[in-house]
Amino acid sequence: MTTDPSCLAQLELGGITPALAHATKNIVRVHQQHPAVQQGDLVALSKGSTDSPPWLILNTIVQAGTWWPSLDPQGTVLDRQQLISTKALSAWLTLYDDVYAQGLKFSRAEFIKDNSEGFIAGR
C-alpha cells in the first residue's frame, strides 16, 4: 500500500468510490502512527526518485505484513527511507488541509526547499 494511487484518484477524479475516499483519509491518519512521528518527526511517505542507486524508492505503509518497509523496484527491502515526500505533502494539503498537513507544511517547508531550484521531490 502506498500513498500515490489513492491521492491521485482523489485529486484527478474527485475520488472513484466512497470507499476509496475513506481509504485515502485513512492513509493520512495511519502516517501519524509512524515510529518517526513518535520521536517528534512528521512523515509523508510516497514513492520517489533518488540521486543514487537504486534511483527509485517505494515507501510503503504495509507490504506482506511488514509495516513501513522501503523497497527498491525489485521489491528488496532497503535500510533507508525517505520520510518527506513533496508530492504526498502537496496532495494532503490540497485534499485535507488538516492540522497534521499544516504541521508538515510549516515544519518541513525549509527541509524540502532548494533556494536555487524550488522544491525537491523529498528527503
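No value in this document is a laboratory result; all are computed from the given coordinates. The structure displayed is predicted, hence computed values, not measured ones. Cβ sites come from the backbone with ideal geometry, for glycine too, and all protein chains shown count toward neighbours.
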When D79, D97, D72 are ordered from fewest to most other Cβ atoms inside 10 Å of their Cβ, what list results? D79, D97, D72
Determine, from the Cβ-Cβ distance of D98 and T76 and an R0 of 25 Å, the FRET efficiency 1/(1 + (r/R0)^6), rounded to the nearest 0.05. 0.15
Extending each Cα 7 Å along its Cβ direction at E12 and D41, get the distance between those two points in nm, one decimal. 2.9 nm
At q = 0.11, 0.12, 0.23, 0.26 Å⁻¹, the log10 of I(q)/I(0) for region 2-83 from a Debye sum over equal Cα scatterers comes to -0.32, -0.38, -1.13, -1.24
Relative packing of 54-61, 32-39, 19-26, which averages over residues the other C-beta atoms within 10 Å, highest first: 54-61, 19-26, 32-39
What are the extents of the Cα atoms of region 1-45 along their three principal axes, in Å, largest first? 35, 15, 15
